[in-house]
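Please read the structure below before turning to the comments.
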Amino acid sequence: EEPAKPTDILSENYNASNHGHQLMEDVYFLGIVNDETFEEKDTFDSGEQFKKAIKKDYDGIVLLGITLKDRENGLLPTRSQLANITRAFNREFKYTPVTIVFKYGDYISFANSERLKYKQEWREGEKAGKVTILRDIRTEGTHSGHLRILQRLEIKRSGAKAITSYAELYQYWQEVLSVSVLNKSFYEELSNWYFWAIKSVRFPGEPVKEADEKDADFLERTKAHRAQNVIRLITRLMFSWFIKEKYLINAQLFDESELKEIVDLGK
């Protein structure tokens with residue numbers, strides 16, 4: 001239950017000059033998931049047994065909780081900072097994959113790292129590969145997109161897609177948090193919204209049917225007008241979101257409750 005200091009655990013991989021490592025405050029051992037977990041058995045009787053086991057060749061996933069210090073000007077930690085920390089812990093535990101829950105202010109992030117075999121047979125353990133991060137999840141007023149991803153992390157214990165071992169769990173979490181999978185899901189949702197929107201929206205300058213114009217031609221002109229404006233709307237929203245994430249515009253502009261106080265939305 002008592003936290004450890006990063007330097008107590010990262011005996012080989014702590015870098016005092018690394019900006020990400022400098023952000024770390026405390027490290028908590030949240031537990032370990034192995035095959036005995038799925039049989040509802042306890043693996044360790046004490047924290048000391050746990051610490052000794054994870055330094056060896058051990059089949060399981062270590063779960064760590066790491067609290068971070070506040071950055072200057074209230075900025076959130078960057079992806080590279082979280083990735084650097086995640087790699088350091090995965091390098092420290094040469095045989096056991098590490099999944100980390102970061103906490104900073106009113107946010108949490110989940111981080112996972114690929115584990116790859118070294119090409120050189122003489123090298124001990126596994127190397128840390130690509131880091132996948134689900135970051136900046138609000139603990140209050142959580143974004144619906146984050147909630148959907150978190151719900152997908154839940155595992156099924158029965159049926160054809162049941163997870164019954166730590167190896168299956170590790171593979172499943174890798175898939176859920178995969179950047180390519182998340183990107184595919186995002187673009188599918190965006191595509192679905194686009195095709196819904198062009199049937200429902202109205203923009204200024206809608207075409208007016210000419211006296212001798214065929215219905216089919218007028219419909220095509222209307223569709224083209226709406227499609228063009230919906231695409232413009234999407235690209236401008238995405239650009240605005242990008243510069244908000246880079247702290248170039250006020251995040252209040254994306255909070256509906258705050259927006260009502262600073263912008264006259266009319267009736």
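The values are calculated or read from the model by the stated rules, or taken from the named source; none is laboratory data. Computed from a predicted structure; not experimentally measured. Glycine also receives a Cβ, built like all others from the backbone with ideal geometry; neighbour counts cover every protein chain displayed. Side chains are part of the model used for accessible areas, which takes the heavy atoms of the whole protein and leaves out ligands, DNA and RNA. Shrake-Rupley method; radii C 1.70, N 1.55, O 1.52, S 1.80 Å.
See the values below:
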quantity	calculated
Every residue from region 129-149 that is of a type outside the set (Lys, Arg), out of contact with any Leu (no Cβ under 8 Å at 6 or more places or on another chain) and in a helix (DSSP H, G or I)	144, 145, 147
The listed residue being outside any helix (DSSP H, G or I) and free of Cβ contacts under 8 Å to residues at least 60 places away in the same chain, out of 206, 175, 188	206
Whichever residue in region 5-32 is touching a helix residue (DSSP H, G or I) at 6+ places or on another chain (Cβ under 9 Å) and of a type in the set (Gly, Ala, Ser) and, among such residues, is surrounded by the most Cβ atoms within 10 Å (Cβ to Cβ)	20
Near pairs, Cβ below 8 angstrom, 6+ apart or cross-chain, from region 128-142 (within 26 Å of residue 13 (Cβ to Cβ) and among the small types (Gly, Ala, Ser)) to any residue that is part of a loop (DSSP other than H, G, I, E, B) and modelled with pLDDT of 85 or more	none
Test: residue in region 103-118 that is modelled with pLDDT under 80, open to solvent by less than 40 Å² (accessible area, probe 1.4 Å), charged (D, E, K, R) and touching a strand residue (DSSP E or B) at 6+ places or on another chain (Cβ under 6 Å)	yes
Selection within region 15-66 - among the small types (Gly, Ala, Ser) and either at pLDDT below 70 or part of a loop (DSSP other than H, G, I, E, B) (or both)	16, 17, 46, 47, 53, 60
Positions within region 209-231 being surrounded by 12 or more Cβ atoms within 10 Å (Cβ to Cβ) and not in a helix (DSSP H, G or I), in sequence order	209, 213
Tally, over region 143-166, of residues that are open to solvent by 80 Å² or more (accessible area, probe 1.4 Å), of a type in the set (S, T, N, Q) and either free of Cβ contacts under 8 Å to residues at least 40 places away in the same chain or over 30 Å from residue 87 (Cβ atoms) (or both)	2
Selection status of residue 191, more than 18 Å from residue 89 (Cα to Cα), of a type in the set (Ser, Thr, Tyr) and at pLDDT below 85	no
Considering residues of region 67-92 that are among the hydrophobic types (A, V, I, L, M, F, W, C) and under 16 Å from the mean Cα position of the chain (by Cα) only, the residue surrounded by the most Cβ atoms within 10 Å (Cβ to Cβ)	85
Boolean, residue 152 is under 30 Å from residue 39 (Cβ atoms), under 26 Å from the mean Cα position of the chain (by Cα) and assigned to a helix (DSSP H, G or I)	yes
Answer residue from region 232-252, given it is surrounded by 13 or more Cβ atoms within 10 Å (Cβ to Cβ) and of a type in the set (A, V, I, L, M) and is nearest to residue 77 (Cα to Cα) among those	249
